[in-house]
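Each remark here refers to the structure printed beneath this line.
Only the coordinates and a few stated rules stand behind these numbers; no lab work does. This is a predicted model, so every value here is computed, not measured. Note that each Cβ is placed from the backbone with ideal geometry, even for glycine, and that neighbours are counted across all protein chains shown.
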RNA sequence: UGGGGUGUGGCCAAGCGGUAAGGCAACGGCCUUUGGAGCCGUCAUCCCAGGUUCGAAUCCUGGCGCCCCAGCCA
């Protein structure tokens, strides 16, 4: 589905192409994906990871996975593992280049000292509150720290004492000496190192000072030889600082720097009916609105995986969405299209009746069973055929019968007929109701002349329904998932998630009849329940005595649309 | 005149001075033993106002809208 022309039209591809042609970075392309191990990856991260990975591949370059673990307070090993698992599942390949930014703490410390020696950095004793005050505001310039003009020797000594653990958290920081009057707040002497007496998931207690992102990231890019450092738009303001760090690294650490890395920003992914901020996703989990980070309704990679979405569908979706700098809110239906498009060609068809209505075929020979043939995937002969038992008692969907049908209802109603897929046409004669008037059973007759593939009736039968033979039915449980949010842009609708949560995001159906061949499915299979949707046999669930299917996405429902129009 | 970014159809998104790609959605039709899939068709003058030019979505000027930035988070 990846169209060359489409890929090449994105502005980053074109920029890199230009760079390569100009021989920049010696013609090399080296990208990276730098997640912070403080949460689970979601569909938005997949965009960034795939973009970086694909660009490297397209230019025959390299791709690194690098964990941005400069903040020991937030980061945990658990997240490292889940992120690696998710990226592998997505098909992203970093070969042997798995790095942690903490791998280079020693080199970074040395670089910081060079900066001090070059008069480019100083130790500042201001408290966090004071630093904020001195920084000024968006419209007023900042004022220089009283510690800004300390001597190199004093700075060096203090910085080393910081590193030795002589000061408590927050007592001092190392700051870059740039410009307290800049309109760009990031250049008002940004903090480079802070004191944090915290256990780091990789380095333990080896360090009590940790570099800040703005210092660490550009330097690490340069160390790893990253040529094109892609990040999201909110870092645009940081680019001058990124360049400052890289330039200084080139100047002061020429022996270890492998590239004059450059940052390019692109817009992050937003999708309708979804919330993608780490904070809100966390709240969904913590407030119990979902069963966990991998709840099939979550936009996390692990959630999508459990839902049954394939990596191919995600990649196809990213290709279709493209990459640009403008803010956007992608319609969920675009994602649903990629999911259906992917499954349409590969999912075996099964018949499962989600809301059963019993049909007794009154003229069917007592006790007789006929095994009918059905295509596994229409128009794909290589997928082969299967058989399903047909008998005198079958289930059909309740919604495939209406006592008093509206126009265009090409299904079953009293006095009318419908074809049972792959079997016979049945004609409805009697409607059996309970005391409250609910339809509980239909009495129909079948027409032997309408046998599928061999219809000699001469009649044109409009409607086709799926069905399951009652005595042969295998009972399965089904989870029907819908969007977590009813709002198209829940991200902007305030804080109380309950106001926008979809109360019907999960509907569980228990022990619904399915055709017997469904038992042969292996966990992790994706199938189409004919006329209903694509479903995933959840391998994570304990099946116990029965199968549990997650609905990945429903099929398009043209009848629902017609019905809606009729009611308007 | 704090700094940065961005504005092309309902939603994404090409376009790079030569007369608006493509996808999703929608709508109409064909086809169909999944009202699925498939096929055919319909659907924009490019935030606004000036200007430059034979010619502007593309260049210039001036507006307007929206997003981001005042963590010792990333």
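Here are some notes:
- When you restrict to C-alpha pairs under 8 Å that are six or more residues apart and normalise by the size of chain A, the relative contact order lands at 11 percent.
- Put in line by how crowded their Cβ is, counting other Cβ atoms within 10 Å and starting with the fewest, A:108, A:532 read A:532, A:108.
- Compared with the dominant principal axis of the Cα atoms in chain A, helix A:43-58 is inclined by about 70°.
- Prolate/oblate/rounded label for the stretch A:70-214 (Cα gyration tensor, a/c 1.5): prolate
- Percent of Cα-Cα distances greater than 20 Å, calculated over the stretch A:500-568: 42 percent
- Euclidean distance between Cα centres, the stretch A:251-280 to the stretch A:153-191, Å: 24 Å
- Three-way shape call for the stretch A:349-472 based on the alpha-carbon gyration tensor, with the a/c threshold at 1.5: prolate
- Mean separation of Cα contacts under 8 Å (6+ apart) over length of the stretch A:349-472, as relative contact order %: 31 percent
- Rounded, prolate or oblate (a/c below 1.5 giving rounded, otherwise prolate when a/b exceeds b/c) for the stretch A:4-271 by Cα gyration tensor: prolate
- Residue order, fewest to most surrounding Cβ atoms within 10 angstrom, among A:334, A:351: A:334, A:351
- Hull-based mean projected area of the stretch A:384-427, where the convex hull spans the alpha carbons, in square nanometres: 4.0 nm²
- Taking each residue as 0.36 nm, the span from residue A:197 to residue A:143 lengthens on full extension beyond its C-alpha to C-alpha distance by 16.5 nm.
- Listed from fewest to most Cβ neighbours within 10 Å, the set A:428, A:444 follows the order A:428, A:444.
- With contacts taken as Cα pairs under 8 Å and at least 6 residues apart, the stretch A:4-271 reaches a relative contact order of 18 percent.
- Against chain A, whose longest principal axis comes from its Cα atoms, helix A:77-90 is set at around 50 degrees.
- Enclosing the Cα atoms of chain A in their convex hull gives a volume equal to 194 cubic angstrom per residue.
- Relative to the dominant Cα principal axis of chain A, helix A:105-117 is inclined by about 40°.
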